[in-house]
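Coordinate-derived values only; no laboratory data. No experiment lies behind these values; they were computed from the predicted model shown. Heads up, the Cβs are rebuilt from the backbone with ideal geometry, glycines too, and the neighbour counts pull from every protein chain shown.
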Amino acid sequence: MTFLALPMLLGAAAVTVPIALHFFYRARYKPLPWAPMKFLKEAIEQTSRRLKFQEWLLLLLRCLALVLLALAIARPGTNSASSAGSSETIDAVFVFDTSYSMAARDGEKTRLERAKEAALAVLETLPNKSSVQVYSCSDRANLLGPVSRYNRDQAKQLIQAIEVTSLSTDFLPGLTEALAATETGTAPSKEIYVFTDMQKSGFERQQGAVRAKCEEITKDKKANLVFIRCGNPERKVSNVSITDVKLLAAIPHTRTRVPFVVTVKNTGRDPIRGVKVSLELDGKAVEKDVVQVEEIGPGDSAEVTLTGSLDEAGARLLAVYVDGDGIEGDNVLYKIVGVRDKVRVLLVAYPFAGLPATDAGDWFARKALVPFDAERDKDKIEKYFIETESILPQEVGPDKLLGKDIVYLLNAAARTTDPLTGLSPAFVAKLTEFVKNGGGLVIGCGDMVKAGDYNNVLGGGSGGAGLLPLPLGDVRNTTDATPFKPAPESIEDKTVLEQVRPYTDWLGRATLTRMIQLDEAPQGAAGSRVLMRTTDGKPLVASRVVGEGEVIFFATSLDETWGRMMSDGQLAIPMTTYIVAHLTGRKVPGGTRMAGDTLTWHPNVTAPGFELVKPRPRGAKSTEVRPRVKLGEAKGEAGQKLSVSTNDTLVAGEYAIVPVGAADTEGVTFAVNPDLRETENLDVISDNDLEKLLGFRPTIIQAGAGTETAVRERRTRGEWTEWVLLALLFLLVGEAAWAWACGRAR
């Protein structure tokens with residue numbers, strides 16, 4: 001127990017007054033002998049004992065009344081860091097949920113607007129000389145201020161300036177920072193206020209840790225924890241999220257009209273009607289009219305197709321918008337699209353025996369890359385966006401890699417045992433640099449591929465280039481009667497070959513008679529993935545990311561010498577197209593990220609510093625200057641590339657990292673999307689469910705007109721004064737009744 005006015009307990013000394021009066025006014029008798037008094041004495045003694053009991057009881061009641069009065073004036077309360085009276089100073093911490101569900105409207109105001117009003121009301125209840133600190137919280141916590149924790153005017157300005165982010169809800173970071181902030185204060189009482197719409201996912205994401213943190217705050221009596229509910233728990237919010245946008249063109253290139261398939265999902269509890277979908281490319285609408293979806297059921301998805309022209313090569317920003325739901329935060333999806341004018345492929349291939357170099361072992365690969373007849377469709381080949389160049393392994397030099405996007409090594413020997421044939425060391429060194437800088441490399445086997453030479457030259461051992469996904473072993477042979485066959489079910493998820501799964505029938509017709517065995521031992525497989533296996537479980541296609549590029553290795557030949565896989569155009573053409581699209585996509589600078597992710601750029605320019613260019617709000621004029629933030633100089637360890645990074649990506653939109661003072665287009669562009677975890681589950685948690693989740697019932701106050709009164713009442717509930725006064729009232733009534741009864745008895 002604690003007393004907010006401890007000196008007032010001295011008033012309990014007044015209990016001596018009735019005691020003194022009791023003894024001072026005691027009757028004094030002078031004994032006189034009288035015979036008849038013997039009989040009266042017995043009666044008087046009986047009455048005297050009764051009167052003494054009544055007087056002692058009255059004395060006890062009056063003394064207890066004085067003690068209770070002194071106790072009430074001393075204002076007793078619970079012995080807790082969270083107890084505070086109307087004049088006791090408080091260290092308060094305000095934590096604002098800034099996830100984008102807080103932008104949902106309940107009536108004429110958003111939930112965040114209600115949170116701000118509630119916070120200002122709570123601020124008015126704080127006694128003089130109390131401190132306040134303001135934090136924003138989504139899946140991370142940020143201290144907003146004020147600079148001086150006792151500056152209420154600045155705190156009010158900070159509260160009014162808070163905006164929602166594109167992040168999802170997680171209460172643990174905010175609770176952790178709030179508790180740490182209260183521990184730095186000097187006031188005897190601590191209070192933490194969380195202003196939120198009480199989204200269930202925010203408590204469940206790290207449920208165990210959130211429960212432990214709330215227990216640490218409340219059960220250890222470090223602070224009083226109050227949740228301010230800023231939304232109507234009975235209201236169901238209608239919401240549609242954009243989950244994906246796909247180009248129905250494996251390799252986007254100029255001078256084409258491309259269909260874009262947009263997938264939207266109803267994450268609410270009720271059907272939603274009349275949602276409108278639109279699409280822009282570099283800020284320009286790709287189709288004049290928006291497409292309207294008549295109805296989407298709860299939990300259902302719908303696809304909308306829009307088409308647009310790709311006129312310019314380079315990294316293009318694609319933006320999809322929806323309108324007509326209750327939450328705007330996930331109504332946009334951005335994507336960086338690499339539009340190509342030309343894709344230039346270098347084919348390094350060993351010729352078939354007795355055939356000229358022009359008829360080398362790259363014929364099947366060339367036909368899959370450029371599926372036209374050389375004589376009949378000559379004009380089409382010249383205008384086609386994929387260009388190929390063929391060369392013998394012993395003749396290829398480093399200069400051949402200039403301007404190329406992808407390199408195919410097809411049955412190309414590595415120059416080790418024979419200095420006159422195979423790939424030169426200069427070319428291998430340049431090829432390694434090419435891949436690390438974002439180029440793509442596809443390797444096919446054949447009789448000229450020797451495991452020892454490849455492991456020494458292209459492998460990851462001492463002196464090797466580190467390009468092979470896995471070390472090569474012996475050649476496995478079989479017959480046409482029992483060939484090796486690809487296993488479509490073994491294709492890894494979220495890889496380039498995932499798109500080949502629909503071609504199961506053609507994969508089933510592929511047969512192989514020879515394969516190189518790949519070593520999957522841990523020391524050889526580090527950083528590599530097996531993309532597809534044969535039906536007997538052996539690796540058929542493997543990949544390895546090297547720097548910013550990637551290597552894809554086929555354990556068989558990409559011609560007909562070791563089997564029939566590339567000779568079937570119905571499989572070879574789509575598989576090659578997906579591989580080319582995947583490898584060229586890696587070379588697109590920047591990329592697509594999620595809000596809160598770190599953006600990293602390895603600049604190839606020297607600059608005294610770099611800046612982060614932030615997005616403009618939707619609807620802003622293209623001439624409006626985009627805000628910028630200083631990032632400092634590029635840094636890196638010795639022998640590694642310099643890099644510049646930032647995680648200041650709280651809002652979805654187009655970001656860019658550029659040298660200080662450079663134009664927005666002179667760096668690298670990133671597309672940052674909302675964290676869709678926020679609207680996967682829009683349910684809010686009830687008071688009872690929160691009690692079950694935390695193991696106790698925290699204080700929950702509904703934001704609104706009664707917020708200030710509720711906070712004051714909660715604060716005074718920490719005192720026992722009103723209960724002591726109530727006990728005093730009953731005691732005085734009882735004392736008066738007893739005194740009256742005693743008087744009647746006399």
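Run the dipole for the stretch 398-466 about the Cα centre, Lys and Arg Cβ at +1, Asp and Glu Cβ at -1, nothing else charged, and hand back the magnitude in debye, nearest 20. If you can, show how the numbers build up before the last one.
On the way: 6 positive and 6 negative charges, 23 e Å.
Dipole magnitude for the stretch 398-466 comes out near 120 debye.
Taking 0.36 nm per residue of sequence separation and subtracting the Cα-Cα distance, how much length would be gained by fully extending the chain between Q206 and E548, in nm to one decimal? Could you put the intermediate results ahead of the total?
Numbers: separation 342, 0.36 × 342 = 123.12 nm, distance 3.37 nm.
Between Q206 and E548, full extension yields 119.7 nm more.
I'd like the FRET efficiency for E389 and N477, computed as 1/(1 + (r/R0)^6) with the beta carbon distance as r and R0 of 41 Å, rounded to 0.05.
Numbers: r = 33 Å, r/R0 = 0.81.
The value I calculate is 0.80.
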List every residue whose amide H lies under 5 Å from the amide H of G308, counting only residues 5 or more places away in sequence or on a different chain, with H placed 1.01 Å from N in the peptide plane.
V258, F260
Taking the beta-carbon count within 10 Å as an exposure proxy, list T576, T421, T534, T495 from fewest neighbours to most.
T421, T495, T534, T576
Hey, can you rank 258-270, 383-395 by average C-beta count inside 10 Å, highest first?
258-270, 383-395
Measuring from its Cα centre, the stretch 343-585 shows a charge dipole (+1 at each Lys and Arg Cβ, -1 at each Asp and Glu Cβ) which, in debye to the nearest 20, is 240 debye
Under 19 Å between alpha carbons, and skipping anything fewer than 8 positions from K246 in its own chain: which lysines qualify?
K265, K276, K284, K335, K494, K587
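Estimate the FRET efficiency between T263 and K284 by the formula 1/(1 + (r/R0)^6), using the beta-carbon distance for r and 22 Å for R0, to the nearest 0.05.
My answer for the efficiency is 0.50.
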Near the amide H of S189, under 5 Å away, which other amide H atoms are found, from residues 5 or more places off or on another chain, if H is placed in the peptide plane?
D91
Mind listing the long-range amide H neighbours of S557? Cut-off is under 5 Å, sequence gap 5 or more, other chains count too, H placed in the peptide plane at 1.01 Å from N.
C445, W562
For the residues M565, M575, what sequence is obtained by ranking on other C-beta atoms within 10 Å, fewest first?
M575, M565
Whole number please: convex hull volume per residue of the Cα set in the stretch 240-340, in Å³?
83 Å³
Ranking of L123, L59 by count of other Cβ atoms within 10 Å, fewest first:
L59, L123
Where a Cα-Cα gap under 16 Å defines reach, which aspartates and glutamates qualify for K342, not counting those fewer than 8 residues away within the same chain?
D311, E312, D379, E382, E387, E389, D405
Once the in-chain neighbours fewer than 8 apart are removed, the lysines whose Cα is under 16 Å from K692 read K200, K213, K219
By its C-alpha gyration tensor, with a ≥ b ≥ c as the square roots of the eigenvalues, how is the stretch 101-169 shaped: rounded for a/c under 1.5, else prolate for a/b larger than b/c, else oblate?
oblate
Between K342 and D399, with labels modelled 7 Å along Cα→Cβ, what's the label distance in nm to one decimal, could you check?
1.7 nm
Radius 12 Å from Cβ of R697, net charge of other residues (Lys, Arg +1; Asp, Glu -1)
-2
Considering only the stretch 343-585, percent of DSSP beta bridges that pair antiparallel, nearest 5
50 percent
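Taking a ≥ b ≥ c as the square roots of the Cα gyration tensor eigenvalues, with a/c under 1.5 meaning rounded and otherwise prolate when a/b beats b/c, else oblate, which class fits the stretch 476-618? Working shown, then result.
Working: a/c = 2.82, a/b = 2.18, b/c = 1.29.
In terms of gyration-tensor shape, prolate.
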May I ask you to give the average projected area over all directions of the convex hull of the Cα atoms of the stretch 161-268, in nm² rounded to one decimal?
11.8 nm²
How far is it, in nm, from the label point at L60 to the one at K219 when both lie 7 Å from their Cα along the line to the Cβ?
4.1 nm
Are there GluC sites (Glu not before Pro) in the stretch 636-706 that DSSP puts in a loop and that have at most 15 other Cβ atoms within 10 Å, and which ones?
E637, E666
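Quick one: if the Förster radius is 25 Å, what FRET efficiency do D244 and R105 give, using the C-beta to C-beta distance and rounding to 0.05?
0.40
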As a test, work out the antiparallel percent of DSSP beta bridges whose residues both lie in the stretch 240-340, rounded to the nearest 5.
95 percent
Rounded to whole Hz, the Karplus (6.51, -1.76, 1.60) HN-Hα couplings of the stretch 568-584, x for glycine and proline:
9, x, 5, 9, 5, 5, x, 5, 5, 4, 5, 5, 5, 4, 5, 5, 6
Using θ = phi - 60° and the Karplus curve 6.51 cos²θ - 1.76 cosθ + 1.60, what whole-Hz ³J(HN,Hα) does each residue of the stretch 657-670 get, with Gly and Pro shown as x?
10, 9, x, 4, x, 7, 5, 4, 8, 9, x, 10, 10, 10
Once N151 and N688 are pulled to full extension, the length gained, defined as 0.36 nm per residue separation minus their Cα-Cα distance, is 189.6 nm
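Calculate, in nm to one decimal, what S462 and K380 gain on full extension: separation in residues at 0.36 nm each, minus their alpha carbon distance. It would help to have the intermediate numbers written out before the result.
On the way: separation 82, 0.36 × 82 = 29.52 nm, distance 4.64 nm.
That pair, S462 and K380, stretches by 24.9 nm at full extension.
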Extending each Cα 7 Å along its Cβ direction at D648 and E303, get the distance between those two points in nm, one decimal.
4.1 nm
